[in-house]
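Chemist: The following block contains the structure, expressed as structure tokens.
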Amino acid sequence: INGDAVDARHRDVVAVKMIRPDISASNQDITRFLREAEILKALRHPQIVSFRAMGSLVSNGVFFAMDYVRGQDGGKVLRDLGQPLAVGRAIDWTCQLLQALEFAHSKRYVHRDIKPQNIMVLPDGSIRILDFGLAKLEDQFKDLTITGVNLGKLQYASPEQQRNPAEVDARSDLYSLGVMFFEMLTGRAPLQG
């Protein structure tokens, strides 16, 4: 789609995520997509991208809109920097992420894909967590997790998540954040490849 998507009520630019049936029409894909929208709707927090609306298109595609976050993904920030973050900045980012995760976990949601590429860094230094496509509500949505399939980027995934992603809890997100914190402080991930 070319051009900006605009929320007509508030007259501001939004990000739109959509699933087109001509590309992926499996019931599991659509269910996972709708679940992501429902999770974002439930998680109103300053460090989590905000849900705006959900709907369907004339072409039978479904979409949801969320705040357009003007910033850079954390992975690009770390790559462009080419060296470790300043300790104070690494601590600030980690504290912001911990606050967002604490909130999500209090609602019993586990992100399962915490990594620098799913974090947006705004010009003012604030952080937003994006992409709840792999998230789950503890003890629910297990049927959307295929046994033997790894979810998330392996170098950030906890050993438990690599063994059985359907059974992980909030501790798995904290492991992933710990890997990110190590990377922020050292300029490299603890495990390569």
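The values are calculated or read from the model by the stated rules, or taken from the named source; none is laboratory data. Every value quoted in this text rests on a predicted model; they were computed, and no experiment measured them. Glycine gets a Cβ as well: all are built from the backbone with ideal geometry, and neighbour counts include every protein chain shown. The protein model used for the area step is the full one, side chains on, heavy atoms only, and it has no ligands, DNA or RNA in it. Shrake-Rupley method; radii C 1.70, N 1.55, O 1.52, S 1.80 Å.
Chemist: Could I have the simple spin-label model distance between Leu34 and Arg188, label points 7 Å from Cα toward Cβ, reported in nm to one decimal?
Modeler: In this crude spin-label approximation the distance works out to 4.7 nm.
Chemist: Mind listing the Cα extents of segment 91-137 along all three principal axes, in Å, largest one first?
Modeler: So the three principal-axis extents are 31, 19, 13 Å.
Chemist: Would you mind calculating the gained length between Gln117 and Val16 on full extension (0.36 nm times residue separation, minus the Cα-Cα distance), in nm to one decimal?
Modeler: Details: separation 101, 0.36 × 101 = 36.36 nm, distance 1.78 nm.
Full extension of this stretch gives 34.6 nm more.
Chemist: Per Stokes-Einstein, at 25 °C and 0.890 mPa s, what whole-number D in µm² s⁻¹ belongs to segment 53-140, with the Kirkwood radius over Cα pairs as the hydrodynamic radius?
Modeler: The Stokes-Einstein estimate is 166 µm²/s.
Chemist: With every protein chain kept in place and ligands, DNA and RNA left out, what is the accessible area per residue of segment 36-99? Probe 1.4 Å, answer in Å².
Modeler: I get 51 Å² per residue for this part.
Chemist: Measure off 7 Å from each Cα along the Cα-to-Cβ vector at Ser126 and Leu57, then give the distance between these two points in nanometres to one decimal.
Modeler: My value for the distance between the label points is 3.0 nm.
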